[in-house]
Structure formats: C-alpha cells, structure tokens
1. Provide, as a two-decimal number, the C-alpha radius of gyration of segment 11-116 over 2.2 N^0.38 Å, N being how many residues it has.
2. Once label points are set 7 Å from the Cα along Cα→Cβ at both Thr32 and Ala75, what is their separation, rounded to one decimal in nm?
3. So if we plug the beta-carbon distance of Thr98 and Leu61 into 1/(1 + (r/R0)^6) with R0 = 41 Å, what FRET efficiency do we get, rounded to 0.05?
4. Please list, in order along segment 91-96, the HN-Hα scalar couplings obtained from phi with the Karplus expression 6.51 cos²θ - 1.76 cosθ + 1.60 (θ = phi - 60°), rounded to whole Hz, x for Gly and Pro.
5. Calculate the spin-label point distance for Tyr83 paired with Phe24, positioning each point 7 Å from the Cα along the beta-carbon direction, and give it in nanometres.
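All of the numbers you see were taken from the coordinates with simple rules; none came from a lab. Predicted model only: the values in this text are computed from it and were never measured. A quick note on method: Cβ atoms are made from the backbone with ideal geometry, for glycine too, and the neighbour counts reach across all protein chains shown.
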Amino acid sequence: MAGMCDTTRSGFNSRLELFERVLFGTADGRGTVDIEQLAALCIDGIPDTADGLRATCWQLLLGCLPVDRSQWANARDEGRRTYAELVHSVQKQAEHDTEAAMQLQTLGTQIRADIERTQPDISLFRQPIADSDGRARSMGAGS
C-alpha cells in the first residue's frame, strides 16, 4: 500500500513541477506565461496547494492577471484597489437606498452560506471584518 501512496505523491509532484515550469519558467520568474499550455494543463485539474497555485491559474485564465509575470504585482494591487472602491460605493449606496441595503444583506447571507459550505476550514473566512459603520463581525455563516 505504501508503494501506491509513493506513486500518487510522485505523480502529484511531477504535475506540480509542470505547473511551476509553465507559470514561473525561469528561476528569476521573468518572462511570460503560455496561456495555451497552461489551459491544457488545467484541463485535467489544478493541484490544490497552499501557495495559491489554483488561484493564480484561474486569474491568468480569466484574464485578471497579465501573462507577463513582471506585471503581476501591479495587476493584483490594481484589482484590490478596484474591489475596495466597488465595496465602498455599494456600501455608500446602501446607506441611502433601503432596497439596495436589502439586496446587499441578501448577497452577504448567500456568500457566507457558500463559504461555510465550500471552505469551512479556511481561517481567513473566520476573521472579523468591519461593517461600513466600523463594527466588527465574522464572515462565517451565522454572522
């Protein structure tokens, strides 16, 4: 039985090495990602690793990250800024519009239920976050 685990582990490691080669190519991490090669690798599944491999693959495939690795940090920073502005805008609108506030509350309830259902073990989702009025609350279900 141990041989089967070793085979599975070596297969996982080989696949992981393929992803790392396509994503990071050179030792210095410069260059571009071949999206067609990445898509072909992803068709059989993306290894679930703690270092965000799956997230990076999806961001590339969806066009949220540029193929030029040197632009990743700027693209991620811009995405975070855009998201923060959107959240602020929605919260501000909800302060003055009862229907928008109800829709926002319904959406939050759906998101919390999905998080609890799909990712119950990720501690990030258990950390308190601030409401628009500054009160801390948990992102988990039942908040």
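1. After normalising by residue count via 2.2 N^0.38 Å, the value is 1.41.
2. 1.1 nm
3. Numbers: r = 39 Å, r/R0 = 0.95.
The calculated FRET efficiency here is 0.60.
4. My calculation for segment 91-96 gives 5, 5, 5, 5, 5, 10 Hz in order.
5. Going from the Phe24 label point to the Tyr83 one covers 2.2 nm.
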